[in-house]
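Please read the structure below before turning to the comments.
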Amino acid sequence: MARSPAIEVSALTKVFDGVTAVDHLSFHVHAGEVFGLLGPNGAGKSTTLRILITLVRPTSGSATVAGADVLREPEKVRSRIGYVPQERAIDRFLTGREHLLLLADLYHLPKVEARRRIAELLALVDLEHRADAPAKTYSGGMKRKLDIACGLLPNPSVLFMDEPTLGLDVQSRLRIWDYIRRLRDRGITIVMTTNYLDEADQLCDRLAIIDAGRIKALGSPSELKAGLGGDTLSLSVVPAHEDSLLKLIAALKDLSSVRAVNAKPRGCDVRVESSEKALPSVLETANRLGCQLDSIEYRRPRLDDVFIAYTGHRIREEFPAADQE
Amino acid sequence: MRESLQEIGALTMRWVRRLSREKFSMLFTLVQPMLFWLIFFGNLFQRAADGQVMQAPNYISFLAAGVVVMTVLNNGLAGGVDLLFDKENGFLERLMSTPIHRSSVILSRFLFVMAITSLQVLVILGVAWLFGVRPATGWLGIALILLVGVLFGVGLTAISMAMAFSVKSHGDFFSVLGFLSLPMIFLSSALVPLNAMPGWMQVLAMFNPMTWVIDAVRPLILSGWTDALPRVGLAIVIMVVFDAVCLYGSSRAFRRAMG
């Protein structure tokens, strides 16, 4: 099974009321890898995921999951996959164990097998001590763990996770990342959507950058970063000179050593072939325009540079610094 | 078949568990109709009601049939609420991503709502008994009351579920619910007999399926078999048509929502 495809997607398209949410997506996911769909909210990641788990019918195109066609054999697909939804899909009145017992019946497991698996999963996600408390007493992180246990109950060959760490505190995020790595080590194929760049970078073996329903780039995080080449110069302007920033950006775009310029609050990111060569002309331009720089730093490309390079914008405009670590 | 039973059993058990954890809500759904309508209104309007018009020994015995059917109405129209919440918090998606028959979720809801409704109807008849209301047709009559009630409830629950699957927000759902239930009660023979209504209201009430159900339940309680049987037969025919329409509509809404 080593590198055989767990998922094959071909020209997948979904149109909702005239709006194209997913636009001719084609990709495949190898068995045993963690595959990420990275993109901003509304990019079409969740719709793609929901087509793959047979909750949404595509307008056109085809997809095969775990050897079964999502349109012709949805029952087979459902019996081979696990799903961890984006919302905390938890019934607050049921206990953790009751959630798993319910799902065991929905997957038609015999009683003995169900009990064995539930005990094992509760141990895996460290929920044994709270298994018989109603879910409304659980913290956000515990609910997420229960979600994951629910997704794993069918012993799936492919596990789909929609924004697995959305809204979690840092500690819970790290723990969830740890589970995801452990699951990959067990040989489970994992497909996850995320709008966190660091999550995609750290966790995914390969990822597809999705924007406006299309795949803009696909590859491993290191391939994507290397593919970008060059460096990024990050300039910031002293507050008094912010009005000259637009002029500076326009002037920098004309320099031959500069590949691209992206504005950010109080400064800009300049992608260059080589920072050594470009730096003098960049500084000279800023001086000439009388634009006083507050700081200047250069770095190798990061995943957010990759994202900007392929989509032309940041993944979340409102929190420009959220994914800098 | 065995798999279906396992699914439906587990899903129905979930509704039962939820109810048993919401003790307050359970208490109020049980107590509300009998306290508010039967005891309170029954005694309040005792003297205002005209025995000649009611054709009943007292207003409570007249009202009993109305309260029974109102309970079916309220339970039925609210029957989709839990599915609405499931839809909103993503639980429904989780259920739908498992290899179950699409219909199992809906069937479990029908089973649960009908069981609770029947139980409540029995409690209401029990309370009415304490006030001296003795069903004229005995146990068999009570069984028929439950049957007609369940037939009515199935259609109502189907409407409610169709709404749950179609509305954009639960605010919409509750507005429509409130808009539907009161006119259905007042434009029926639940509180006053048809012949005590203005002509135009009588006409509207004739188009209200609830009227036909009450007109079958009331003689089962008040008068006896000769009066009741033809009305029960008519109600059953009307209910079969009503259910067929509601089920068809709701299955379309469900398919549209679930893909």
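Structural remarks
- Just one residue in the set B:LEU180, B:LEU220 is surrounded by fewer than 22 Cβ atoms within 10 Å (Cβ to Cβ), touching a residue at least 60 places away in the same chain (Cβ under 8 Å) and at negative phi; that residue is B:LEU180.
- The range A:17-32, residues that are of a type outside the set (Val, Ile, Thr), touching a residue at least 24 places away in the same chain (Cβ under 8 Å) and closer than 23 Å to A:THR311 by Cβ: A:ALA21, A:ASP23, A:HIS24, A:LEU25, A:SER26, A:PHE27
- Given (1) assigned to a helix (DSSP H, G or I); (2) within 14 Å of another protein chain (Cβ to nearest Cβ), number of the condition B:LEU35 does not satisfy: (2)
- Filter pass, A:LYS111 being more than 7 Å from every other protein chain (Cβ to nearest Cβ) and either in contact with a helix residue (DSSP H, G or I) (Cβ under 7 Å, 6 or more places away or on another chain) or among the aliphatic types (A, V, I, L, M) (or both): no
- The single condition among (1) assigned to a helix (DSSP H, G or I); (2) of a type outside the set (Gly, Ala, Ser); (3) in contact (Cβ under 8 Å) with a residue 24 or more places away in the chain that A:HIS129 does not meet is (3).
- Options A:ARG92, A:ARG57; residue that is within 13 Å of chain B (Cβ to nearest Cβ), surrounded by fewer than 19 Cβ atoms within 10 Å (Cβ to Cβ) and under 23 Å from A:ASP169 (Cα atoms): A:ARG92
- Test: residue in the range A:95-103 that is modelled with pLDDT under 95, under 22 Å from B:GLU3 (Cβ atoms), surrounded by 16 or more Cβ atoms within 10 Å (Cβ to Cβ) and in the same structural domain as A:ARG214 (by TED's automatic domain parsing): no
- Helices (runs of 4 or more DSSP H) (entirely within the range B:57-99) containing at least 3 residues that are not hydrophobic (A, V, I, L, M, F, W, C): B:59-77, B:81-89
- Filtered by the rule that a residue be buried (at least 18 other Cβ atoms within 10 Å of the Cβ) and free of Cβ contacts under 8 Å to residues at least 40 places away in the same chain, the range A:237-256 gives A:ALA251, A:LEU252.
- Those helices (runs of 4 or more DSSP H) of the range A:1-113 in which at least 3 residues are over 22 Å from the mean Cα position of the chain (by Cα), considering only elements entirely within it, cover A:74-80, A:96-106.
- Scanning the range A:166-189 for any residue that is within 14 Å of chain B (Cβ to nearest Cβ) and surrounded by fewer than 19 Cβ atoms within 10 Å (Cβ to Cβ) turns up at least one such residue.
The values are calculated or read from the model by the stated rules, or taken from the named source; none is laboratory data. Everything numeric in this text was worked out from a predicted model, so none of it was measured. Neighbour counts are summed over all protein chains in view; Cβ atoms, including those assigned to glycine, are modelled from backbone coordinates with ideal geometry.
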